[in-house]
1. Read through the list (1) open to solvent by less than 10 Å² (accessible area, probe 1.4 Å); (2) under 13 Å from the mean Cα position of the chain (by Cα), then give the number of the only condition that Asn165 fails.
2. Scan region 330-348 and give yes if some residue there is more than 20 Å from the chain's Cα centre (by Cα), open to solvent by less than 60 Å² (accessible area, probe 1.4 Å) and among the hydroxyl-bearing types (Ser, Thr, Tyr), otherwise no.
3. (1) of a type outside the set (Ser, Thr, Tyr); (2) open to solvent by 10 Å² or more (accessible area, probe 1.4 Å); (3) more than 17 Å from Gly184 (Cβ to Cβ): which one isn't true of Gly441, the others all being true?
4. Inspect all residues belonging to region 420-428 and state whether any of them is surrounded by fewer than 21 Cβ atoms within 10 Å (Cβ to Cβ), assigned to a loop (DSSP other than H, G, I, E, B), more than 22 Å from the chain's Cα centre (by Cα) and without any contact (Cβ under 8 Å) to a residue 40 or more places away in the chain.
5. Within the group Phe70, Phe77, which residue is farther than 28 Å from Arg191 by Cβ, in contact with a helix residue (DSSP H, G or I) (Cβ under 9 Å, 6 or more places away or on another chain), open to solvent by 30 Å² or more (accessible area, probe 1.4 Å) and of a type in the set (A, V, I, L, M, F, W, C)?
6. Checking Ser368 against (1) assigned to a helix (DSSP H, G or I); (2) under 27 Å from Leu25 (Cβ atoms); (3) in the same structural domain as Gly438 (by TED's automatic domain parsing); (4) open to solvent by 30 Å² or more (accessible area, probe 1.4 Å), which single condition isn't satisfied?
7. Check region 116-138 and report whether any residue there is at positive phi and not small (Gly, Ala, Ser).
8. From the residues in region 176-213 that are part of a loop (DSSP other than H, G, I, E, B) and in contact (Cβ under 8 Å) with a residue 40 or more places away in the chain, which one is most open to solvent (accessible area, probe 1.4 Å)?
Amino acid sequence: MFVRTVSRNLLRFGTPAVVAALGVLIITILALFVPPFIGMADNGDYFRIIYSNGLYFSAPDYDQQYLGYFVKEYGIFQYFNENSASLFSSQSLFIRMAIAVNQWFYSNLWFDIRFQAAIYLLLYVGAVYLLVEALTWKLPRKRGFIIAALAIFLFADTGYTAYFNSFFGESIVWIMTLLVFASGLLLWRKRYNDYVLLAIFVISALILTTSKQQNAPVGLIVAVLGVVLVFIRKEKKFRLITWTALISLFAVGVGTYVLIPKEFVNINKYHAMTRGVLLYSEDPEATLKGFGIDRQYAVLNGTIHYLPYTTVDVDSQLLEDNFYSKYGFGSILTHYITHPDQAVKMLNMAARNGFTIRPPAMGNFEKSEGREFGEHTTFFSGYSLMKDALAPKTFGFVVIWMAVVIGFYMPTFVQAVKARNARQQLRLGLVLMLMLMGLSGVLVSIIGAGDADLAKHLFHFTATFDLVTFLLVADLIGKRLWGNQDEAAA
C-alpha cells in the first residue's frame, strides 16, 4: 500500500526526469548492493590500473577466478608502493576517491569495490536526470513519462551498471559520454545556466578522452564539432572561454595518443597484424611482403601476444627490428583502403561484436554464490538481451542506421542554418559527434588491434548507438523532429 501511494504521488507531482533517475537508482541498488552482488570478472587487465593506485589482489585463489567470477574485495598497500602507473587514465581519480571513502567508512586494510560503485552510481543518476530533463522539458506529462520509462529500461540494464563493480574503464566511458550528451542537449534547450553546462560538457569530455588510450580521437572529434558552441552566445567572454576549452580538449586528445606506453603499443601492433591484416588475407606471405616484412613471419598469423609458448619471443629485439618497426596505423589503414574486401570482412566482424553490451566471457557473480563459472546475471537485462538477439549484425545496417538518423534531423538543421540559429544546429552536431565517437572506436579497434578482445573494445560504439537511438525515439514521441515545431522555428 505504501509503495503504491508513493508511486502514485511521484507520478502525480514528480517530473519525468525525477522518475527516471529514481527508477535507475533503485534498480541499480538492488543489482549491485543487495545479495547476490553483481559485478564483472577480471579478464586479466585489472593489474594495469590497481597496483599503481595502491591496491593488490588479496584473494588466495584469485588466478582461478579470472573471467569466471566477480571479486569485490582487494587489499590496500600498507607500505611504500613501488608500482608506477603502467598507463595514464582519468579512471585513477575515481579509484583513489573510492579508496579514501572506503578508508573513512570501512577499512584501511581492505577495499570493497562497492564504494567505487556508489560513486559511479551517484554520477550516473545525475547524468540520467539531466538527459531525461533535456528530452522532456516542456513536454506533456504523458509523453514525458513514456520517455522516462524507456530511460529506465535502457539505463538501469545490468549490462551497463555491472561495470560499476569492476576496474574496467567502461564505467567512466559510459557515464562521461552520457554527461557530454546531456549537457549538450540542455545547451540546445536553453535549460539551466550556459556556463555551468559548458563546464560539465568540457570536463566530462576531458575525463572521457583520458579514460582509455583508444579514446584519444574523442577529444579531437568533440573539439572540432564543438565549435558550434562558440556561437550560441554573443558575449566575448563566453566565446573566449569556449575557444580555450575546445583548443585544450584538442591538445589533450593529441597528448593521450602520444603518451600511450611502448609496451601497449607493441601488444596492439602485434594483434593488428596477426589478428587483423593477416586474418582474412588469402596470401599472408604476399601481404607481409607488401609491408616490407620477411614472409617467414606468416607463421604468426592468427596468434595472440599472450601465448605462453610461441615460435618467437614477442618482446624480443628481433621482432622490434624486423616486424613492429615495419608498419603502423597509417600503413595498416592504407592496406585496408586498397583491399576493401578485407576491410568489409573486418567491419562485419566488428558489427557482430558491436551490439553486445556485456562481453560474453566475463561472469557476474561471486564464487561464493555457487554459480557456474562465467555465468551472467539476467536481473533487469531485458534491453541488453533484446539488443543482442535482434540487432542486425552487419556493418551495412550501421550505415543505414546512420543515414536514417541524419535524415530525420536534417530538416530542422537546414532551418536552423537558414535562421542562423546556432543552438538549433547543435542538436544534429551532437548526433554526429556521438556517431563519429562510435565509429572512431570501431576503426581504432580494428586498425589498432585487429579482433583481439573486440567485444570489449567496441563498448563505446554500442553506447553511442544506444544514446543516439534513444534520442531519436524520444524526439519521435515528443514530435520534435520536423520544422513545424516551435523550437526549430524560433
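1. Among (1) open to solvent by less than 10 Å² (accessible area, probe 1.4 Å); (2) under 13 Å from the mean Cα position of the chain (by Cα), Asn165 violates only (2).
2. Scanning region 330-348, I find at least one residue that is more than 20 Å from the chain's Cα centre (by Cα), open to solvent by less than 60 Å² (accessible area, probe 1.4 Å) and among the hydroxyl-bearing types (Ser, Thr, Tyr), so the answer is yes.
3. The failed condition is (2).
4. yes
5. Working: Phe70 fails: open to solvent by 30 Å² or more (accessible area, probe 1.4 Å).
Just one listed residue meets the conditions, Phe77.
6. (3)
7. Of region 116-138, the ones at positive phi are 138.
Checking the rest, the ones that are also not small (Gly, Ala, Ser) come to 138.
Yes, the conditions are met somewhere in region 116-138.
8. Once the filter is applied, the top-ranked residue is Lys190.
The values are calculated or read from the model by the stated rules, or taken from the named source; none is laboratory data. Predicted model only: the values in this text are computed from it and were never measured. Please note: Cβ atoms are built from the backbone with ideal geometry, for glycine as well, and neighbour counts cover all protein chains shown. In case anyone asks, the SASA skips ligands and DNA or RNA and just uses the protein heavy atoms, side chains included. Shrake-Rupley method; radii C 1.70, N 1.55, O 1.52, S 1.80 Å.
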